[in-house]
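Chemist: This is the structure I want to talk about, given as structure tokens.
The values are calculated or read from the model by the stated rules, or taken from the named source; none is laboratory data. Quantities reported herein were computed from a predicted structural model and do not represent experimental measurements. Please note: Cβ atoms are built from the backbone with ideal geometry, for glycine as well, and neighbour counts cover all protein chains shown. Accessible surface is based on the protein model in full, side chains and every heavy atom, while ligands, DNA and RNA are left aside. Shrake-Rupley method; radii C 1.70, N 1.55, O 1.52, S 1.80 Å.
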Amino acid sequence: MLILDGKIAAAAVKATLLEQTQALKAAGKRTPHLAAILVGSNGASETYVASKVKNCEETGFGSSLYRLDADVEEAVLLAKIAELNQDPNCDGILVQLPLPKHIKESKVIEAIHPAKDVDGFHPVNVGRLVQGLNTFIPATPYGIILMLEHFNIETKGKNAVVIGRSNIVGRPMSILLSSNIAQGNCTVTICHSHTKNLKEVCLGADIIVAALGVPNFLTGDMIKPGVVIIDVGITRVDDPTAKKGFRIKGDVNYEEACAKASAITPVPGGVGLMTIAGLLKNTMKAYQGL
Ligand code: NAD
């Protein structure tokens with residue numbers, strides 16, 4: 001069984017990006033710059049943003065982190081985005097989600113200029129993705145595609161099941177896997193909270209992407225031998241024996257799945273690292289011009 005190690009695949013992506021930024025520096029040019037906006041101080045969001053900034057540094061990118069109070073007015077956030085949209089030294093803008101309830105997420109996403117929308121959430125970029133046009137692919141599905149590419153996982157003609165239909169993971173993932181691209185051409189079934197025969201659907205899958213946020217949801221009896229499992233789930237589960245008081249759990253029962261799968265992503269150390277790789281690739285793309 002093959003462990004789809006995110007450390008290995010992400011390192012390969014980052015090494016190529018580092019070569020590119022080193023070449024830019026050697027030519028006296030500026031390197032790509034990512035601006036991250038964090039509203040409030042949610043623990044998981046803090047961790048994600050810190051990791052994105054650190055990865056920018058490691059690959060020779062510039063980065064800025066703008067912190068806004070949890071009770072900041074929506075207009076202030078929109079003004080910051082408008083300022084960054086105009087800034088010629090800022091290539092990519094990301095607003096860490098989720099946002100506090102009083103801020104309308106869709107309004108914020110639509111405020112980011114599509115050419116700087118490195119998360120790929122703007123409706124213009126989603127439309128481009130659906131039509132198979134050049135775009136920013138949302139970082140997590142993009143990272144998964146990069147992972148499949150790195151480990152030469154054959155997808156053509158396979159039955160793929162995506163569990164979860166969110167705008168950031170499940171839905172774009174289902175579109176990519178069904179697209180006519182190297183890591184696509186699957187027959188895709190997308191499952192969600194109203195799916196009735198999920199176990200039967202999963203048992204017919206050659207590839208399963210679990211992105212629902214329910215720890216240990218996908219168990220050994222729901223999968224067939226040889227399946228490729230991509231576990232997107234990241235849930236903090238309380239554990240007093242852990243140093244931080246919690247452990248990160250995926251959506252897949254890892255031990256049971258390992259007994260049957262031909263390949264599987266670990267959690268942590270799998271998709272999460274690839275998400276950052278996808279984000280960095282998008283930022284380089286924004287720098288180069290979509
Ligand atoms: P979400 O809550 O927006 O969407 C969850 C989806 O799962 C929904 O479409 C829902 O219909 C479906 N669902 C929920 N319960 C279900 C059930 N019992 N059966 C079938 N479908 C069910 O979540 P999201 O933002 O897409 O994130 C999903 C998980 O992935 C979370 O654990 C999140 O933390 C994680 N995540 C990880 C990364 C990463 O980089 N690894 C990135 C984004 C999200």
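Chemist: Within the P(r) computed for the stretch 96-194, what percentage of the Cα pairs occupies the region above 25 Å?
Modeler: Summing the P(r) tail past 25 Å for the stretch 96-194 gives 21 percent.
Chemist: Follow-up question, since we're still on this one. Take the solvent-accessible surface of the protein heavy atoms, probe 1.4 Å, and return the percent of it on the stretch 139-272 that carbon and sulfur atoms account for.
Modeler: The value for the stretch 139-272 is 51 percent carbon and sulfur by accessible area.
Chemist: Give me the percent of Cα-Cα pairs in the chain that sit more than 37 Å apart, rounded to a whole number.
Modeler: 13
Chemist: Carbon and sulfur atoms: what percent of the 1.4 Å accessible area of the stretch 28-113 do they account for?
Modeler: Of all accessible area on the stretch 28-113, carbon and sulfur atoms account for 52 percent.
Chemist: Relative contact order for the stretch 28-113 using alpha-carbon pairs under 8 Å, separation at least 6, rounded to a whole percent?
Modeler: 40
Chemist: I've got another one for you. Between the stretch 215-257 and the stretch 166-188, what's the alpha-carbon centroid distance in Å?
Modeler: 22
Chemist: I would also like to ask the following. Label Lys196 and Lys244 with points 7 Å out from Cα along Cα→Cβ: what is the distance between them in nm?
Modeler: 4.1
Chemist: For the chain, what does the accessible surface come to per residue with a 1.4 Å probe? Please give it in Å².
Modeler: 46
Chemist: Kirkwood hydrodynamic radius of the stretch 28-113 from all distinct Cα pairs, in Å?
Modeler: By the Kirkwood definition, the hydrodynamic radius is 13.3 Å.
Chemist: Between Val76, Pro32, Asn197, whose Cα lies farthest towards the positive end of the dipole of the chain when Lys and Arg beta carbons carry +1 and Asp and Glu beta carbons carry -1, centred on the Cα centre?
Modeler: Sorting the options by dipole projection puts first Pro32.
Chemist: Could you compute how fast the stretch 33-178 diffuses translationally, taking Rh as the Kirkwood radius over C-alpha pairs and applying Stokes-Einstein at 20 °C with viscosity 1.002 mPa s? Give it in µm² per second. Before the final figure, lay out the partial values.
Modeler: Working: Rh = 16.4 Å.
Result for D is 131 µm²/s.
Chemist: Still on this structure, I have one more. Between Leu24 and Leu65, what is the label-to-label distance in nm when each label sits 7 Å out along the Cα-to-Cβ direction?
Modeler: Modelled inter-label distance: 2.1 nm.
Chemist: State to the nearest 20 debye the size of the charge dipole of the chain about its Cα centre, where the only charges are +1 on K and R beta carbons and -1 on D and E beta carbons.
Modeler: Rounded to the nearest 20 debye, it is 280 debye.
Chemist: If I take the Cα coordinates of the stretch 139-272 and project them onto the principal axes, what are the three extents in Å, biggest first?
Modeler: Computed over the Cα atoms, the extents are 46, 29, 28 Å.
Chemist: In nanometres, what is the gap between the two model label sites at Asn89 and Met1, each 7 Å from Cα along Cα-to-Cβ?
Modeler: Computed distance between label sites Asn89 and Met1 equals 5.0 nm.
Chemist: While we're here: Just want the answer: with Cβ charges of +1 for Lys and Arg and -1 for Asp and Glu, which residue in Ser41, Ile248, Gly184 is farthest toward the dipole's positive end in the chain?
Modeler: The listed residue farthest towards the positive side: Gly184.
Chemist: Between Asp221 and Asn180, what is 0.36 nm times their sequence separation minus the Cα-Cα distance? Round to one decimal in nm.
Modeler: Numbers: separation 41, 0.36 × 41 = 14.76 nm, distance 3.13 nm.
In short, 11.6 nm is gained.
Chemist: Where does the stretch 178-232 land on Rg/Rh, using Cα atoms and the Kirkwood Rh?
Modeler: That ratio equals 0.95.
Chemist: Can you work out the Karplus-derived ³J(HN,Hα) for every residue in the stretch 199-212? Use 6.51 cos²θ - 1.76 cosθ + 1.60 with θ = phi - 60°, whole Hz, and x for glycine or proline.
Modeler: Rounded to whole hertz, the list is 4, 5, 4, 5, 5, x, 8, 8, 9, 10, 10, 9, 9, 10.
Chemist: Under the 0.36 nm per residue contour assumption, what length would be gained going from the current alpha-carbon distance of Lys104 and Ala12 to full extension?
Modeler: Details: separation 92, 0.36 × 92 = 33.12 nm, distance 3.68 nm.
Gain on extension, Lys104 to Ala12, equals 29.4 nm.
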